[in-house]
1. Might you let me know whether the stretch 73-86 holds any residue that is more than 23 Å from GLY136 (Cβ to Cβ), within 16 Å of the ligand (Cβ to nearest atom), modelled with pLDDT under 75 and in the same structural domain as VAL150 (by TED's automatic domain parsing)?
2. With PRO112, PRO120, PRO160 as the choices, which residue is touching a residue at least 24 places away in the same chain (Cβ under 8 Å), surrounded by fewer than 11 Cβ atoms within 10 Å (Cβ to Cβ) and over 20 Å from the mean Cα position of the chain (by Cα)?
3. Identify the single condition in (1) in the same structural domain as VAL126 (by TED's automatic domain parsing); (2) more than 14 Å from the ligand (Cβ to nearest atom); (3) modelled with pLDDT of 70 or more that LEU64 does not satisfy, given that it satisfies every other one.
4. Of all residues in the stretch 4-14 being exposed (fewer than 14 other Cβ atoms within 10 Å of the Cβ) and touching a residue at least 12 places away in the same chain (Cβ under 8 Å), which is farthest from the ligand (Cβ to nearest atom)?
5. If you take the residues of the stretch 15-55 that are away from the ligand (no atom under 12 Å from the Cβ) and part of a strand (DSSP E or B), which of them is surrounded by the fewest Cβ atoms within 10 Å (Cβ to Cβ)?
6. Could you grab me the full set of residues in the stretch 123-134 that are assigned to a loop (DSSP other than H, G, I, E, B), touching a strand residue (DSSP E or B) at 6+ places or on another chain (Cβ under 7 Å) and not aliphatic (A, V, I, L, M)?
7. Answer yes if at least one residue in the stretch 13-32 is at positive phi and at pLDDT 90 or above, and no otherwise.
8. Condition first: at pLDDT 90 or above and under 26 Å from ASN23 (Cβ atoms). Now tell me which residues in the stretch 132-156 satisfy that.
Amino acid sequence: MADPKKPALGDVIEIRCRFCRLNLDANVSALGPDGGIVKVQCRTCRHFQDFKAPRPIEDQRAALIRKVMKIAERHTQGTSNRSTPAATTTGSLSAEAVAKALWDEATKDANPLKSKIYDPHRAFGVDDLIHHKGRGLGVVREADDVSILVLFREGFVRLPHDEPRDE
Ligand SMILES: [Zn+2]
């Protein structure tokens, strides 16, 4: 007589991770006598903690964008030096984890069929969904006359755009 709505140990649920400070997936790791979720383990940072419901998406989005843009600034300084696999961390949270979380959020309602194929000769604008051969789906977060900052699943990448065709 298993209740399908009752959580079970090991179930993957969405939580507010107090270490990552993000809404993230976690495994249920302890249940109370009433069958409610008591303890969870964040799947990103692996910390065990008391269960806390995810924060509403609006707050989360604003906080995430602030945090990730800060990290992105650091990441994109010196992108000309391709030999440094940047392992920037803020506390226990890696930039990659933040970028991934933001990417998930930015692309979850996106229609991949509406993405534009990346081409350095095309011009892109903020919030454009682009498809990059090799990097996959990305969302344009910043755009200036010569470059765009794109959030891919792997993190932020600055790419040239609107380049004149030499013909
Ligand atoms: Zn965490």
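1. No, the conditions are met nowhere in the stretch 73-86.
2. After applying the criteria, what remains is PRO160.
3. Checking LEU64 against (1) in the same structural domain as VAL126 (by TED's automatic domain parsing); (2) more than 14 Å from the ligand (Cβ to nearest atom); (3) modelled with pLDDT of 70 or more, the one that fails is (2).
4. LYS6
5. Ranking the qualifying residues of the stretch 15-55, first place goes to ASP50.
6. Across the stretch 123-134, the qualifying residues are PHE124, GLY125, ASP127, ASP128.
7. no
8. Once the filter is applied, which keeps residues that are at pLDDT 90 or above and under 26 Å from ASN23 (Cβ atoms), the stretch 132-156 yields ARG135, GLY136, LEU137, GLY138, VAL139, VAL140, LEU149, VAL150, LEU151, PHE152.
The values are calculated or read from the model by the stated rules, or taken from the named source; none is laboratory data. Because the structure is predicted, anything quoted here is derived from the model rather than measured. Please note: Cβ atoms are built from the backbone with ideal geometry, for glycine as well, and neighbour counts cover all protein chains shown.
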